[in-house]
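*Asks:* Can you keep this structure in mind? I'll have questions shortly.
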Amino acid sequence: MKCDRCENIAGYSRKYSGENLCSSCFSSTIIQKAARTISKYNMIRNGDMIGVAVSGGKDSLSLLHVLNKISYTHNFKLKAITVDEGIPGYRDEALTIVNDFCTNLGVEHTVYSYKELFDTTLEQALERRYNEKISSCSICGILRRRAIDFGAKDLGVDVVATGHNLDDVLQTFIINLLSGDTSKIGWMGPDTSGNRTRKIKPFCEIYENEIVFYAFTNDIPFQSEECPHMNEGIRTEIRNFLNSLENDHSGIKNNMYKSIMKISSTLKDANNKQWKVCLQCGNQCTGEICSVCNTLVNLRANQP
Ligand SMILES: [Zn+2]
Ligand SMILES: [Zn+2]
(Lines give C-alpha, C1' and ligand atoms only; values in the text may rest on other atoms or scores of the structure.)
(Ligands and ions follow the chains in the order given, each with its own letter.)
Protein backbone atom coordinates (compact mmCIF):
# COMPACT_ATOMS: atom_id res chain seq x y z
CA MET A 1 0.00 0.00 0.00
CA LYS A 2 1.25 3.47 -0.92
CA CYS A 3 1.59 6.40 1.52
CA ASP A 4 -1.22 8.99 1.17
CA ARG A 5 1.31 11.82 1.13
CA CYS A 6 4.29 10.56 -0.88
CA GLU A 7 5.54 7.73 -3.08
CA ASN A 8 6.86 5.56 -0.23
CA ILE A 9 5.21 2.41 1.03
CA ALA A 10 2.82 2.99 3.93
CA GLY A 11 3.81 1.47 7.27
CA TYR A 12 1.09 2.87 9.51
CA SER A 13 -2.69 2.91 9.16
CA ARG A 14 -4.38 5.55 11.26
CA LYS A 15 -7.70 3.88 11.85
CA TYR A 16 -9.67 6.90 13.16
CA SER A 17 -8.84 9.07 10.14
CA GLY A 18 -8.38 6.39 7.47
CA GLU A 19 -4.88 7.70 6.58
CA ASN A 20 -2.10 5.36 5.43
CA LEU A 21 1.35 6.83 6.05
CA CYS A 22 4.96 5.92 5.49
CA SER A 23 7.28 6.08 8.44
CA SER A 24 8.65 9.53 7.63
CA CYS A 25 5.25 11.14 6.88
CA PHE A 26 3.88 9.54 10.05
CA SER A 27 6.68 11.11 12.11
CA SER A 28 5.99 14.50 10.54
CA THR A 29 2.32 14.29 11.57
CA ILE A 30 3.34 13.59 15.18
CA ILE A 31 5.73 16.56 15.24
CA GLN A 32 3.10 18.80 13.63
CA LYS A 33 0.41 17.62 16.01
CA ALA A 34 2.57 18.31 19.07
CA ALA A 35 3.48 21.74 17.65
CA ARG A 36 -0.22 22.51 17.11
CA THR A 37 -1.09 21.48 20.68
CA ILE A 38 1.75 23.67 21.99
CA SER A 39 0.56 26.74 20.11
CA LYS A 40 -3.16 26.10 20.72
CA TYR A 41 -2.68 26.21 24.50
CA ASN A 42 0.18 28.71 24.40
CA MET A 43 2.36 26.15 26.19
CA ILE A 44 5.74 27.59 25.24
CA ARG A 45 6.74 31.26 25.13
CA ASN A 46 9.53 33.00 23.32
CA GLY A 47 12.90 32.33 24.96
CA ASP A 48 11.63 29.69 27.39
CA MET A 49 13.97 27.19 29.01
CA ILE A 50 12.05 23.90 29.07
CA GLY A 51 12.76 21.14 31.56
CA VAL A 52 11.69 17.86 30.01
CA ALA A 53 10.90 15.20 32.59
CA VAL A 54 12.53 12.11 31.08
CA SER A 55 11.92 8.75 32.72
CA GLY A 56 13.43 6.57 30.02
CA GLY A 57 10.06 5.27 28.81
CA LYS A 58 8.81 5.66 25.24
CA ASP A 59 6.64 8.73 25.98
CA SER A 60 9.26 10.93 27.59
CA LEU A 61 12.09 10.00 25.22
CA SER A 62 9.82 10.60 22.21
CA LEU A 63 8.83 13.94 23.71
CA LEU A 64 12.45 14.98 24.05
CA HIS A 65 13.06 13.83 20.47
CA VAL A 66 10.05 15.79 19.14
CA LEU A 67 10.73 18.97 21.17
CA ASN A 68 14.35 18.88 20.05
CA LYS A 69 13.19 18.84 16.41
CA ILE A 70 10.71 21.69 17.00
CA SER A 71 13.43 23.70 18.75
CA TYR A 72 15.43 23.93 15.48
CA THR A 73 12.87 26.40 14.17
CA HIS A 74 11.67 27.99 17.42
CA ASN A 75 13.20 30.11 20.14
CA PHE A 76 13.34 27.81 23.17
CA LYS A 77 15.94 25.58 24.83
CA LEU A 78 15.80 22.17 26.51
CA LYS A 79 17.17 20.52 29.64
CA ALA A 80 16.34 16.99 30.76
CA ILE A 81 15.28 16.08 34.30
CA THR A 82 15.25 12.45 35.49
CA VAL A 83 13.92 11.25 38.81
CA ASP A 84 15.55 8.21 40.42
CA GLU A 85 12.92 6.55 42.62
CA GLY A 86 15.29 3.95 43.99
CA ILE A 87 13.34 0.98 42.61
CA PRO A 88 15.88 -1.88 42.68
CA GLY A 89 16.74 -3.30 39.27
CA TYR A 90 14.37 -1.01 37.41
CA ARG A 91 15.83 2.47 37.28
CA ASP A 92 19.43 1.66 36.31
CA GLU A 93 18.61 0.54 32.76
CA ALA A 94 16.62 3.73 32.19
CA LEU A 95 19.34 6.03 33.55
CA THR A 96 21.85 4.66 31.05
CA ILE A 97 19.40 4.98 28.15
CA VAL A 98 18.47 8.56 29.06
CA ASN A 99 22.08 9.57 29.57
CA ASP A 100 23.17 8.27 26.15
CA PHE A 101 20.11 9.70 24.43
CA CYS A 102 20.68 13.18 25.89
CA THR A 103 24.37 13.08 25.02
CA ASN A 104 23.46 12.29 21.39
CA LEU A 105 21.02 15.20 21.24
CA GLY A 106 23.37 17.53 23.10
CA VAL A 107 20.85 18.14 25.88
CA GLU A 108 22.02 18.73 29.47
CA HIS A 109 20.75 15.96 31.76
CA THR A 110 20.37 16.03 35.57
CA VAL A 111 19.22 13.22 37.89
CA TYR A 112 17.38 13.87 41.18
CA SER A 113 16.94 10.93 43.53
CA TYR A 114 14.28 10.34 46.19
CA LYS A 115 17.08 9.25 48.49
CA GLU A 116 18.82 12.63 48.21
CA LEU A 117 15.67 14.76 48.32
CA PHE A 118 13.49 12.91 50.83
CA ASP A 119 16.04 10.69 52.55
CA THR A 120 13.98 7.67 51.50
CA THR A 121 13.77 5.40 48.47
CA LEU A 122 10.37 4.45 47.07
CA GLU A 123 10.69 0.95 48.54
CA GLN A 124 11.35 2.41 52.01
CA ALA A 125 8.45 4.85 51.64
CA LEU A 126 6.11 2.01 50.67
CA GLU A 127 7.10 0.08 53.78
CA ARG A 128 5.91 2.94 55.94
CA ARG A 129 2.70 3.37 54.02
CA TYR A 130 0.33 4.84 56.59
CA ASN A 131 -2.84 3.89 54.73
CA GLU A 132 -3.14 0.60 52.88
CA LYS A 133 -5.56 2.12 50.41
CA ILE A 134 -2.94 4.40 48.91
CA SER A 135 -1.38 2.69 45.89
CA SER A 136 2.35 2.56 45.22
CA CYS A 137 1.80 4.61 42.11
CA SER A 138 0.08 7.43 43.94
CA ILE A 139 2.84 7.68 46.58
CA CYS A 140 5.46 7.46 43.86
CA GLY A 141 3.61 10.06 41.77
CA ILE A 142 3.48 12.48 44.70
CA LEU A 143 7.22 12.11 45.41
CA ARG A 144 7.99 12.42 41.70
CA ARG A 145 6.00 15.64 41.35
CA ARG A 146 7.90 17.17 44.26
CA ALA A 147 11.25 15.96 42.86
CA ILE A 148 10.49 17.47 39.46
CA ASP A 149 9.40 20.76 41.05
CA PHE A 150 12.70 20.79 42.92
CA GLY A 151 14.66 20.03 39.75
CA ALA A 152 12.80 22.73 37.84
CA LYS A 153 13.76 25.34 40.43
CA ASP A 154 17.29 24.04 40.70
CA LEU A 155 17.83 24.23 36.93
CA GLY A 156 15.96 27.52 36.56
CA VAL A 157 13.51 26.30 33.91
CA ASP A 158 10.37 28.24 32.96
CA VAL A 159 8.28 25.24 31.96
CA VAL A 160 8.21 21.54 32.80
CA ALA A 161 7.16 19.28 29.94
CA THR A 162 5.97 15.73 30.62
CA GLY A 163 5.29 12.93 28.15
CA HIS A 164 1.65 12.32 29.17
CA ASN A 165 -0.36 11.27 26.14
CA LEU A 166 -4.08 11.35 25.36
CA ASP A 167 -4.62 7.90 26.89
CA ASP A 168 -3.05 9.06 30.17
CA VAL A 169 -5.46 12.00 30.27
CA LEU A 170 -8.49 9.73 29.74
CA GLN A 171 -7.30 7.24 32.38
CA THR A 172 -6.70 10.01 34.93
CA PHE A 173 -10.14 11.44 34.24
CA ILE A 174 -11.83 8.09 34.92
CA ILE A 175 -9.73 7.55 38.06
CA ASN A 176 -10.78 10.98 39.36
CA LEU A 177 -14.38 10.29 38.40
CA LEU A 178 -14.38 6.95 40.23
CA SER A 179 -12.76 8.44 43.33
CA GLY A 180 -15.30 11.27 43.53
CA ASP A 181 -12.64 13.94 43.33
CA THR A 182 -14.20 16.55 41.06
CA SER A 183 -11.77 19.30 42.06
CA LYS A 184 -8.98 17.31 40.43
CA ILE A 185 -11.03 17.05 37.24
CA GLY A 186 -11.14 20.85 37.24
CA TRP A 187 -7.35 20.91 37.10
CA MET A 188 -7.01 18.55 34.18
CA GLY A 189 -6.94 21.16 31.43
CA PRO A 190 -3.70 22.81 30.29
CA ASP A 191 -2.11 24.74 33.15
CA THR A 192 -0.33 27.64 31.56
CA SER A 193 -1.32 30.47 33.88
CA GLY A 194 0.20 32.08 36.94
CA ASN A 195 3.74 32.77 37.97
CA ARG A 196 4.58 29.27 39.04
CA THR A 197 6.60 26.97 36.82
CA ARG A 198 4.17 26.02 34.08
CA LYS A 199 3.43 22.33 33.49
CA ILE A 200 2.78 21.26 29.93
CA LYS A 201 1.89 18.01 28.16
CA PRO A 202 2.61 18.51 24.46
CA PHE A 203 1.46 14.91 23.67
CA CYS A 204 -1.92 15.29 25.40
CA GLU A 205 -3.77 15.06 22.07
CA ILE A 206 -1.83 12.07 20.71
CA TYR A 207 -2.81 8.40 21.19
CA GLU A 208 -0.44 6.23 23.16
CA ASN A 209 -0.10 3.66 20.36
CA GLU A 210 1.04 6.44 18.00
CA ILE A 211 3.82 7.40 20.43
CA VAL A 212 4.84 3.74 20.55
CA PHE A 213 5.06 3.68 16.76
CA TYR A 214 6.94 7.00 16.70
CA ALA A 215 9.52 5.62 19.16
CA PHE A 216 9.80 2.38 17.21
CA THR A 217 10.11 3.95 13.76
CA ASN A 218 12.66 6.54 14.94
CA ASP A 219 14.81 3.91 16.68
CA ILE A 220 14.34 5.52 20.07
CA PRO A 221 15.86 3.06 22.58
CA PHE A 222 13.25 3.16 25.34
CA GLN A 223 13.29 1.12 28.52
CA SER A 224 11.89 -2.37 28.01
CA GLU A 225 11.43 -3.28 31.64
CA GLU A 226 8.13 -2.24 33.16
CA CYS A 227 7.88 -0.72 36.60
CA PRO A 228 7.36 -3.62 39.06
CA HIS A 229 4.48 -1.69 40.64
CA MET A 230 2.68 -1.06 37.37
CA ASN A 231 -0.19 -3.50 37.84
CA GLU A 232 -1.08 -2.56 41.40
CA GLY A 233 -3.37 0.32 40.50
CA ILE A 234 -6.73 0.49 38.76
CA ARG A 235 -5.11 2.37 35.87
CA THR A 236 -4.20 -0.80 33.97
CA GLU A 237 -7.81 -2.02 34.03
CA ILE A 238 -9.05 1.33 32.74
CA ARG A 239 -6.36 1.36 30.06
CA ASN A 240 -7.45 -2.06 28.76
CA PHE A 241 -11.11 -1.04 28.88
CA LEU A 242 -10.48 2.13 26.83
CA ASN A 243 -8.34 0.21 24.32
CA SER A 244 -11.07 -2.33 23.73
CA LEU A 245 -13.63 0.46 23.21
CA GLU A 246 -11.32 2.20 20.73
CA ASN A 247 -10.74 -1.05 18.93
CA ASP A 248 -14.46 -1.43 18.15
CA HIS A 249 -15.21 2.29 17.74
CA SER A 250 -12.18 4.07 16.33
CA GLY A 251 -11.97 7.74 17.27
CA ILE A 252 -13.84 7.29 20.54
CA LYS A 253 -10.79 8.34 22.57
CA ASN A 254 -10.58 11.63 20.64
CA ASN A 255 -14.25 12.30 21.40
CA MET A 256 -13.79 11.54 25.06
CA TYR A 257 -10.77 13.84 25.24
CA LYS A 258 -12.84 16.74 23.87
CA SER A 259 -15.59 16.11 26.42
CA ILE A 260 -13.07 16.01 29.27
CA MET A 261 -11.56 19.36 28.28
CA LYS A 262 -15.04 20.95 28.31
CA ILE A 263 -16.00 19.40 31.64
CA SER A 264 -12.64 20.37 33.11
CA SER A 265 -12.87 24.02 32.14
CA THR A 266 -16.45 24.28 33.46
CA LEU A 267 -15.40 22.78 36.79
CA LYS A 268 -12.31 24.95 36.91
CA ASP A 269 -14.42 28.11 36.66
CA ALA A 270 -16.84 26.80 39.27
CA ASN A 271 -14.04 25.85 41.66
CA ASN A 272 -12.00 28.96 41.11
CA LYS A 273 -13.02 30.63 44.35
CA GLN A 274 -12.11 27.63 46.49
CA TRP A 275 -8.48 27.67 45.44
CA LYS A 276 -5.94 28.36 48.12
CA VAL A 277 -2.20 28.32 48.25
CA CYS A 278 -0.48 25.50 50.18
CA LEU A 279 1.03 26.89 53.39
CA GLN A 280 4.11 24.70 52.98
CA CYS A 281 5.02 24.80 49.31
CA GLY A 282 2.92 27.50 47.64
CA ASN A 283 1.26 25.20 45.09
CA GLN A 284 -2.44 25.62 44.41
CA CYS A 285 -4.75 23.38 46.43
CA THR A 286 -8.18 23.29 48.04
CA GLY A 287 -7.17 22.89 51.72
CA GLU A 288 -4.49 24.42 53.93
CA ILE A 289 -1.83 21.95 52.81
CA CYS A 290 -1.60 20.29 49.39
CA SER A 291 -1.79 16.53 48.87
CA VAL A 292 1.95 16.34 48.13
CA CYS A 293 2.97 18.03 51.38
CA ASN A 294 0.34 16.07 53.28
CA THR A 295 1.72 12.74 52.05
CA LEU A 296 5.28 13.77 52.87
CA VAL A 297 4.28 14.76 56.40
CA ASN A 298 2.54 11.41 56.93
CA LEU A 299 5.44 9.41 55.52
CA ARG A 300 7.86 11.23 57.82
CA ALA A 301 5.60 10.66 60.80
CA ASN A 302 5.68 6.92 60.08
CA GLN A 303 9.46 6.83 59.88
CA PRO A 304 10.75 4.06 62.16
ZN1 LIG B 1 4.97 9.31 2.98
ZN1 LIG C 1 2.23 21.85 49.37
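*Asks:* Those residues that are part of a strand (DSSP E or B) and acidic (Asp, Glu), I need them from region 1-29; list them, please.
*Replies:* Glu19
*Asks:* Filter region 261-291 down to residues that are aliphatic (A, V, I, L, M) and either at pLDDT below 80 or away from ligand 2 (no atom under 16 Å from the Cβ) (or both), then give me how many there are. I'd like the intermediate steps shown before the answer.
*Replies:* First, the residues of region 261-291 that are aliphatic (A, V, I, L, M): 261, 263, 267, 270, 277, 279, 289.
Imposing the further condition that a residue be either at pLDDT below 80 or away from ligand 2 (no atom under 16 Å from the Cβ) (or both) reduces the set to 261, 263, 267, 270.
Here the count works out to 4.
*Asks:* So in region 79-100, with the set limited to residues that are within 20 Å of Asp219 (Cβ to Cβ) and touching a residue at least 12 places away in the same chain (Cβ under 8 Å), which one is surrounded by the most Cβ atoms within 10 Å (Cβ to Cβ)?
*Replies:* Taking region 79-100 and keeping what is within 20 Å of Asp219 (Cβ to Cβ), we get 80, 93-100.
If we keep only those that are touching a residue at least 12 places away in the same chain (Cβ under 8 Å) too, we end up with 80, 93-95, 97-98, 100.
Values: Ala80: 24, Glu93: 13, Ala94: 23, Leu95: 16, Ile97: 20, Val98: 26, Asp100: 12.
Among them, the one singled out is Val98.
*Asks:* For a quick check of your reading of the model, give me the residue pairs whose first member lies in region 20-39 and is under 18 Å from Thr162 (Cβ atoms), whose second is assigned to a helix (DSSP H, G or I) and at pLDDT 95 or above, with beta-carbon atoms closer than 6 Å and at least 6 apart or on different chains.
*Replies:* Ile30/Tyr214; Ile31/Val66; Ile31/Lys69; Ala34/Val66; Ala35/Ile70
*Asks:* Just a yes or no: is a residue in region 50-61 more than 13 Å from ligand 1 (Cβ to nearest atom), buried (at least 18 other Cβ atoms within 10 Å of the Cβ) and among the polar types (S, T, N, Q)?
*Replies:* yes
*Asks:* Filter region 150-171 for residues that are surrounded by fewer than 18 Cβ atoms within 10 Å (Cβ to Cβ) and acidic (Asp, Glu) and give the result. Don't jump to the end; show me each part of the working.
*Replies:* Taking region 150-171 first, the residues surrounded by fewer than 18 Cβ atoms within 10 Å (Cβ to Cβ) are 150, 153-156, 158.
Asp154, Asp158, listed by residue number.
*Asks:* So Gly151 clears everything in (1) under 28 Å from Ala215 (Cα atoms); (2) modelled with pLDDT under 90 except one condition, right? Which one?
*Replies:* Result: Gly151 fails condition (2) only.
*Asks:* Look at region 4-13 and say how many of its residues are buried (at least 18 other Cβ atoms within 10 Å of the Cβ) and either free of Cβ contacts under 8 Å to residues at least 12 places away in the same chain or in contact with a Lys or Arg (Cβ under 8 Å, 6 or more places away or on another chain) (or both).
*Replies:* Count: 1.
*Asks:* Kindly indicate whether Ser224 is surrounded by fewer than 15 Cβ atoms within 10 Å (Cβ to Cβ), small (Gly, Ala, Ser), on the phi < 0 side of the Ramachandran plot and outside any helix (DSSP H, G or I). Can you show your working first?
*Replies:* Numbers: surrounded by fewer than 15 Cβ atoms within 10 Å (Cβ to Cβ): yes; small (Gly, Ala, Ser): yes; on the phi < 0 side of the Ramachandran plot: yes; outside any helix (DSSP H, G or I): yes.
Yes; evaluated as a whole, the condition is true for this residue.
*Asks:* Report, by residue number, each residue of region 175-205 that is more than 16 Å from Val52 (Cβ to Cβ) and modelled with pLDDT of 95 or more.
*Replies:* Glu205
*Asks:* Now a separate question. As an exercise: evaluate Asn8 against (1) over 30 Å from Lys199 (Cα atoms); (2) at pLDDT below 95 and give the number of the one condition it does not meet.
*Replies:* The single condition Asn8 does not satisfy is (2).
The values are calculated or read from the model by the stated rules, or taken from the named source; none is laboratory data. Predicted model, so just to flag it, every value in this text is computed and none were measured. Note that we place each Cβ from the backbone using ideal geometry, even for glycine, and neighbour counts take in every protein chain shown.
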